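Reviewing the structure listed below.
Bear in mind these aren't lab numbers, they're just calculated from the coordinates by the rules spelled out. Since the model is a prediction, treat every value here as computed from it, not as a measurement. Cβ placement follows ideal geometry from the backbone for every residue including glycine, while neighbour counts extend to all protein chains displayed.
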Amino acid sequence: MKRYQALADTMAAEIRAGRLPVGTRLPSVRHLTTQYGVGQSTVFRAYYLLEEWGLIRARERSGYYVAPGAALAPKENATLKEPAPIDVSSLVFSVLDAVKRPDVAPLGSAFPSPTLFPLARLAKSLAHAARMLDPWSTVVDMPPGNEALRRQIALRYIGMGIAQPVEELIVTNGAMEALTLCLMAVTKPGDVVAIESPCFYAALQAVEHLGLRAVEIPVDSREGLDLDALAEALGTHPVRACWFMTNFQNPTGVTLSVEKKRALVDLLTKHDVPLIEDDVYGELHFAQDRPPPAKAFDTKGLVMHCASLSKTLAPGYRLGWVAAGRYADAIRRLKLMTSISTSIPIQAGIADYLQHGGFDKHLRKLRGALLTQRDAMESAIARWLPNVAFVRPDGGYFLWLQLPEHVDAMQLHRRALEHGINVTPGPIFSARHAYGNYVRINFGHPWSAQIDNAMKTLGELLRAAS
Ligand SMILES: Cc1ncc(COP(=O)(O)O)c(C=O)c1O
């Protein structure tokens with residue numbers, strides 16, 4: 001290892017462990033040159049590397065500082081290691097009820113602003129499809145769903161390098177139904193499933209609702225899912241299925257590297273355990289290319305890849321799907337048994353839009369808007385909440401903020417609501433109500449005075465709680 005890399009590693013470890021808190025000024029280049037007996041260029045290269053990793057930032061004529069994005073690893077070790085039933089629903093519902101209030105600043109929302117979607121163009125497709133609707137489509141488009149729509153969806157998989165058979169695609173009411181049907185298809189009450197920690201709260205609710213038991217696998221905000229912990233869980237418990245997010249995980253925003261996705265699929269293949277892959281944010285990438293899903297590395301039909309248009313095109317249309325691999329037939333039957341079909345005119349309208357509406361152009365615009373909003377939110381955090389830590393996400397629209405250790409996120413959530421601000425408190429993302437000093441905030445809304453004021457007030461509330 002080169003000397004500048006070793007120096008960067010040493011300093012990164014100090015920052016990640018919290019020994020150099022956010023905002024700390026780093027030693028001058030001259031100081032480090034003397035201290036470590038290295039040349040100035042070695043120190044500069046180490047600092048450039050730390051900057052590239054998002055751990056430090058240069059301030060003009062002032063030096064280098066630990067960046068707000070330098071999140072610390074959660075100290076809590078409150079993951080469920082032994083399978084246990086889950087009881088989170090009442091907490092989740094009480095938090096989510098506040099999302100509906102239109103007067104509240106939407107930092108706790110799970111959706112981007114509806115103003116970012118081409119609703120007028122969509123309406124045109126919907127109207128056209130409704131006018132042209134074949135009366136027999138009410139029968140023909142029943143599960144697995146409208147053929148033209150499934151062909152359009154299959155084309156998007158080709159864009160990801162996946163040859164997706166149309167027959168294995170099942171249209172659902174949003175990704176949520178897809179995910180739940182997958183879980184139903186491969187488990188029975190009392191079975192053990194592996195979920196993430198922190199984890200999308202609806203996964204916890206689904207596990208609770210279906211009477212399953214969960215083991216939690218830690219997710220690090222930088223590295224993602226802990227594959228060693230997963231391997232241990234698979235070796236210890238009769239895990240029947242895994243439910244994981246591989247891209248822009250909710251709430252941490254982390255994306256698994258290609259190597260980890262491949263290793264994840266290899267590990268599950270070895271144990272013959274199916275993966276329910278939740279990829280609702282995969283299209284919202286800020287880098288040039290879409291990160292592939294784990295499905296791209298699946299050769300055995302073991303991965304059920306679930307996605308939707310709720311976050312990318314058509315909120316409220318409830319259009320989702322699953323690329324279900326070897327479970328396609330079981331899921332098609334479950335879909336028929338539980339909701340019969342996804343709305344036939346909506347399927348036809350979306351098929352028309354995907355063919356003629358300019359989805360990719362819209363996506364490019366949406367990603368650009370979200371990236372601008374992320375940067376605006378980061379600046380607001382640097383200004384109003386300098387003592388929180390987070391890892392900058394490369395896609396999606398969530399920031400997972402680590403507050404100072406003694407701050408109670410539930411209390412902050414309640415105080416913020418009194419001031420007309422909604423933030424999502426960390427404990428709803430965990431079976432054990434851990435992450436007591438974390439909140440998730442949404443940057444999916446165009447920057448406005450309301451949001452800036454909300455961030456300022458949040459900073460004041462945080463200071464009062466500190
Ligand atoms: C991680 C994750 N998965 C699934 C869903 C549900 O998606 P849909 O609205 O398409 O049902 C959401 C929505 O909040 C989500 O955040």
Residues whose placed amide H lies under 5 Å from that of Ala214, excluding near-sequence neighbours: Ala84, Val193
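Past 22 Å, Cα to Cα: identify those pairs from Lys260/Lys295; Lys311/Lys361; Lys365/Lys456; Lys311/Lys365; Lys188/Lys295, in the order given.
Details: Lys260/Lys295 12 Å; Lys311/Lys361 16 Å; Lys365/Lys456 28 Å; Lys311/Lys365 14 Å; Lys188/Lys295 24 Å.
Exceeds cut-off: Lys365/Lys456; Lys188/Lys295.
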Distance in nm between pseudo-label sites at Glu147 and Arg262 (7 Å out along the Cβ direction from Cα): 3.8 nm
Cβ-defined net charge surrounding Ser466, 15 Å radius [Lys, Arg +1; Asp, Glu -1]: -1
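Within 11 Å, Cβ to Cβ, of Tyr397, how many net charges do the neighbouring residues add up to if Lys/Arg are +1 and Asp/Glu are -1? Write out the running numbers ahead of the final one.
On the way: positive: Lys311, Arg367, Arg374, Arg440; negative: none.
My count for the surroundings of Tyr397 gives +4.
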Cα long-axis angle, helix 119-132 against the chain (0 to 90 degrees, to the nearest 10): 10 degrees
Net length gained if the chain between Arg326 and Glu223 were fully extended (0.36 nm per residue, minus Cα distance): 34.1 nm
Inter-label distance, nm, simple model (7 Å from Cα along the C-beta direction), Thr138/Thr372: 4.5 nm
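Quick check on the stretch 176-286: take the gyration tensor over C-alpha atoms, sort the square-rooted eigenvalues as a ≥ b ≥ c, and tell me if it's rounded (a/c under 1.5), prolate or oblate.
On the way: a/c = 1.67, a/b = 1.22, b/c = 1.37.
The shape class here is oblate.
Efficiency by 1/(1 + (r/R0)^6): what FRET value for Arg463 and Ala84, r their Cβ-Cβ distance, R0 = 25 Å, to the nearest 0.05?
0.10
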FRET efficiency for Glu405 and Tyr48, using Cβ-Cβ distance with R0 set to 35 Å, rounded to 0.05: 0.70
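Under the rule of -39500 (n - 2.57) per DSSP H run of 4 or more residues, summed and divided by the residues of the chain, what mean residue ellipticity at 222 nm is obtained, to the nearest 500 deg cm²/dmol?
On the way: 16 runs with 198 residues, N = 466.
The per-residue figure over the chain is -13500 deg cm²/dmol.
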Point-to-point label distance, His419-Leu91, nm (Cα→Cβ direction, 7 Å offset): 2.4 nm
Anisotropy class of the chain from Cα gyration tensor, a/c 1.5 cut: prolate
Burial ranking of peptide ranges 272-283, 288-299, 303-314, 158-169 (average Cβ count within 10 Å, highest at the top): 303-314, 272-283, 288-299, 158-169
By average C-beta atoms within 10 angstrom, highest first, the peptides 348-357, 129-138: 348-357, 129-138
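When averaged across all projection directions, what area in nm² does the alpha-carbon convex hull of the stretch 3-66 cover? Could the numbers behind the result be given before it?
Working: hull surface 15.5 nm².
Convex hull of Cα atoms, orientation-averaged projection: 3.9 nm².
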FRET efficiency estimate (nearest 0.05) - Cβ-Cβ, Ala163 to Ala123, R0 41 angstrom: 0.75
Burial order of peptide ranges 230-237, 32-39 (average beta-carbon count within 10 Å, highest first): 230-237, 32-39
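Over the chain, what is the percentage of antiparallel beta bridges among all DSSP beta bridges, to the nearest 5? Could the numbers behind the result be given before it?
Values: 26 of 44 bridges.
The answer is about 60 percent antiparallel.
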Computed lengthening from Gln40 to Ala287, 0.36 nm per intervening residue step minus Cα-Cα distance: 85.7 nm
Cut-off under 5 Å, modelled amide H: who pairs with Gln164 long-range: Ile158
Amide H contacts under 5 Å for Val391, placed H, 5+ residues apart: Ala71, Trp400
Between helix 174-186 and the chain: long-axis angle, C-alpha atoms, 0 to 90°, nearest 10: 80 degrees
